[in-house]
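Below is one structure; the comments refer to it alone.
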Amino acid sequence: MKLKIKNSGMTLIELMVAIAIAAIGILAASGAMADSFKSWGVMYNKVNSDVVVQGYTVTNSFEKVVRQSTLSIIGMDTNTNPAWVEVFYAKSATPTVLDQHAKFSYDSSKDELLLERGTIGATTPQIICENVTSCVFKRADASIQMIMTITSGNQTVKVISSALLHNSI
């Protein structure tokens with residue numbers, strides 16, 4: 001009696017073809033992943049660059065200051081493109097007199113945005129943003145708008161912030 005042995009395995013050629021197909025698939029996937037990581041790194045650097053962070057910081061400061069200011073008294077540069085705006089507010093929760101002020105001013109000779117804030121007559125300007133290539137302020141009814149361009153190296157960001165004046169005395 002003769003036993004029949006059935007070979008149900010793969011030949012060496014079939015195994016080599018399967019490995020080659022798998023290698024091509026792995027190479028394609030790794031190339032796509034490497035490109036994805038590179039793109040992610042570029043976007044991360046753009047989003048977290050100094051220019052963008054400065055823009056967020058200035059926007060937050062501007063909106064916070066303007067929102068606590070009064071509607072009635074606002075100083076603004078009278079030029080065609082105003083380079084400064086000054087708002088007034090009260091320090092106490094139940095105001096009877098405006099005793100505080102904040103002045104945003106653009107110094108084009110140094111490319112800086114300055115903020116002077118505190119008790120009227122006793123403040124010194126502080127730099128809140130550098131590399132500012134342009135900045136103008138506009139008023140429309142109960143709001144003030146700041147349009148500013150920040151440039152650092154090869155990256156330029158345009159920041160537009162608008163805030164409503166809320167308080168009145």
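The values are calculated or read from the model by the stated rules, or taken from the named source; none is laboratory data. Keep in mind the model is a prediction, meaning the values are calculated, not measured. Glycine also receives a Cβ, built like all others from the backbone with ideal geometry; neighbour counts cover every protein chain displayed.
Here are a few things to note about the model shown:
- Identity of the residue in segment 47-66, of a type in the set (D, E, K, R) and within 13 Å of Met146 (Cβ to Cβ), that ends up nearest to the chain's Cα centre (by Cα): Glu63
- So Tyr56, is it modelled with pLDDT under 85, assigned to a helix (DSSP H, G or I) and aromatic (Phe, Trp, Tyr): no
- Answer from Ser69, Ser39 - the residue that is hydroxyl-bearing (Ser, Thr, Tyr) and either loosely packed, with under 11 Cβ neighbours inside 10 Å or in contact with a His (Cβ under 7 Å, 6 or more places away or on another chain) (or both): Ser39
- Consider segment 121-167 and keep the residues that are of a type in the set (D, E, K, R) and either assigned to a strand (DSSP E or B) or within 16 Å of Thr57 (Cα to Cα) (or both). The one that is farthest from the chain's Cα centre (by Cα) is Arg139.
- Just one of (1) buried (at least 17 other Cβ atoms within 10 Å of the Cβ); (2) within 27 Å of Val53 (Cα to Cα) fails for Ala90. It is (2).
- Test for Glu63: is it among the charged types (D, E, K, R), assigned to a helix (DSSP H, G or I) and surrounded by 12 or more Cβ atoms within 10 Å (Cβ to Cβ): yes
- Pairs where the first residue, in segment 123-136, is assigned by TED's automatic domain parsing to the domain that holds Gln54 and acidic (Asp, Glu) and the second is surrounded by 15 or more Cβ atoms within 10 Å (Cβ to Cβ) and part of a loop (DSSP other than H, G, I, E, B), C-beta under 9 Å, 6+ apart: Glu130/Asp111
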